[in-house]
Amino acid sequence: MTTDQLILNGQTVADFMKEEMVAKVAMIKEKGILPCLATILVGNDPSSETYVRMKGNACARLGVHSIKVVLPAETTTEELIQEINKLNADHSVHGILLQHPVPHHINERAAFDAISIEKDVDGVTTQGYALNAFGAAAFPSCTPQAIIRILDFYRIQIEGKHAVVIGRSPILGKPVSAMLLNRNATVTTCHSKTVNLDEIVRLGDIVIAAVGKPLFVKGSWIKPGAVVIDAGYNKGNVGDVDYVSCLEQSSAITPVPGGVGPVTIATLIEHTIQSAYMLSERA
Ligand code: NAP
């Protein structure tokens, strides 16, 4: 492999997805429907503000309308659910994204579950999560789907491989574990109570880092020739993987930035377009 082949470039994958999305948006617009994503941001966490801005910008580049609902940090669970219900009832909105995390006093699960399944373009509802586990979700969680998409785009075999996932959050670690299992990988899911983590990671043919800790996964944990996917995104534009040392050990690796992130955003918009398309087919 040349050095170029080692880097799993997420921007290349996102650009590839763009062509089909632009064509689909044109088709939907011909039917008089403008695909629309509504993002909800509660509070003023700077990283969340950046994510929401990036999602809005990406929508604009693809001809998708976006609405930004910004709520104060003191918003209650009930008030947030009221806002979600307004968007559920708004026929011009095709996808709803509640930016995670919300302030601690809010019941995030209740808020996620208030999103109607037809508009759950990030697969965050309990029903969306369950459908994903069965491999039947119209809109699987975006970051897990982005990870699978990168592996598929670069023709990395999943079936029969041992995938080690570090992290078990309901939006990332757990759904990506289920998706890899559905693709016939043998999956080990690790978390903060996992003992001898480095030894377990060393068994992985595919290692997915979804921890939320900068430069956490070290090159010495990586089996030579393994594929490393870094889903992390931390302050200072760094991932959960110590990129320099892991690059040396791996056969392929995603960079941060420019790895999982752009494909996650493209997937979110693709789901929104698909949601509008499904509506246009029923119209
Ligand atoms: P999260 O909800 O905080 O979950 C982190 C997971 O890591 C938990 O399951 C936790 O275990 C586990 N963990 C923490 N410390 C550990 C340790 N020392 N050893 C092993 N496991 C440990 O985070 P998340 O929302 O899943 O996000 C994970 C990362 O992905 C973050 O960097 C986030 O910014 C990034 N992210 C990126 C995208 C993207 O588009 N690229 C999208 C979403 C998230 P416990 O369950 O035991 O606590």
Any idea what angle helix 10-30 forms with the longest principal axis of the chain, computed on alpha-carbon atoms, 0 to 90 degrees, nearest 10?
20
Nearest 10 degrees, 0 to 90: what angle lies between the long axis of helix 46-61 and the longest principal axis of the chain (Cα atoms)?
70
When all C-alpha to C-alpha distances in the chain are sorted into bins of 5 Å, what percent of pairs does each bin hold, rounded to whole numbers?
1, 6, 12, 16, 19, 16, 13, 9, 5, 2, 0, 0
With Rh as the Kirkwood radius over Cα pairs, region 31-116 has Rg/Rh of 0.97
Which residue fluctuates the most in the chain, going by a Gaussian network model with Cα springs under 10 Å, if the choices are ARG155, ARG168, ARG202?
ARG155
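Provide the per residue accessible area, probe 1.4 Å, for region 142-261, rounded to a whole number of square angstrom. Let's see the in-between values first.
Working: 5240 Å² over 120 residues.
Here the per-residue accessible area is 44 Å².
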Accessible surface, per residue, of region 31-116 when the full set of protein chains is kept, probe 1.4 Å, Å²
49
Run the dipole for region 142-261 about the Cα centre, Lys and Arg Cβ at +1, Asp and Glu Cβ at -1, nothing else charged, and hand back the magnitude in debye, nearest 20.
260
Quickly rank 250-263, 20-33 as a protection proxy: mean count of other C-beta atoms within 10 Å, highest first.
250-263, 20-33
Using a Gaussian network model of the chain with C-alpha springs under 10 Å, which one of TYR243, TYR154, TYR233 is most mobile by mean-square fluctuation?
TYR154
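Of LYS24/LYS86; LYS29/LYS119; LYS193/LYS223; LYS29/LYS174; LYS18/LYS218; LYS174/LYS223, which pairs sit farther than 25 Å apart, going by alpha carbon to alpha carbon? Intermediate results must be reported in sequence, preceding the final value.
On the way: LYS24/LYS86 27 Å; LYS29/LYS119 18 Å; LYS193/LYS223 22 Å; LYS29/LYS174 36 Å; LYS18/LYS218 34 Å; LYS174/LYS223 23 Å.
Listed pairs above 25 Å: LYS24/LYS86; LYS29/LYS174; LYS18/LYS218.
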Select from LEU34, LEU268, THR77 the residue farthest towards the positive end of the dipole of the chain; place +1 on Cβ of Lys and Arg, -1 on Cβ of Asp and Glu, and compute about the Cα centre.
LEU268
Distance between region 195-209 and region 96-116 - C-alpha centres, whole angstrom:
31
Charged-residue dipole, Cβ positions (Lys, Arg, Asp, Glu), the chain about Cα centre, Debye nearest 20:
240
Give the separation of the Cα centroids, region 118-159 to region 37-93, in Å.
21
Could you identify which residue out of ALA14, ALA209, ALA89 has the top mean-square fluctuation in a GNM of the chain using Cα springs shorter than 10 Å?
ALA89
Helix 260-282: angle to the longest alpha-carbon principal axis of the chain, degrees 0 to 90, nearest 10?
40
Ignoring solvent entirely, what values of log10 I(q)/I(0) come out of the Debye formula for region 142-261 at 0.13, 0.22 Å⁻¹ when each Cα is a single scatterer?
-0.40, -1.34
Calculated from DSSP H runs of 4 or more alone, at -39500 (n - 2.57) each and per residue, what is the 222 nm mean residue ellipticity of the chain, nearest 500?
-13500 deg cm²/dmol
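So, with a 1.4 angstrom probe, what is the percent of accessible area on the chain that is carbon and sulfur? Walk me through the intermediate numbers first.
On the way: 7360 of 13390 Å².
Ligands and nucleic acids excluded, carbon and sulfur reach 55 percent.
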Taking 45 Å as R0, compute the FRET efficiency from the Cβ-Cβ separation of LYS213 and ALA89 and round it to 0.05.
0.70
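Between ASN196 and VAL238, take the C-beta separation as r, use R0 = 22 Å, and let me know the FRET efficiency to the nearest 0.05.
Working: r = 25 Å, r/R0 = 1.14.
After rounding, the FRET efficiency stands at 0.30.
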MET54 versus ALA138, label points 7 Å from Cα toward the beta carbon: distance in nm?
2.7
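The values are calculated or read from the model by the stated rules, or taken from the named source; none is laboratory data. Given the structure is predicted, the values throughout are model-derived calculations rather than measurements. All Cβ positions, even for glycine, are placed from backbone atoms using ideal geometry, and neighbour counts span all protein chains on display. Areas reflect the complete protein model, heavy atoms only, side chains present, ligands, DNA and RNA absent. Shrake-Rupley method; radii C 1.70, N 1.55, O 1.52, S 1.80 Å.
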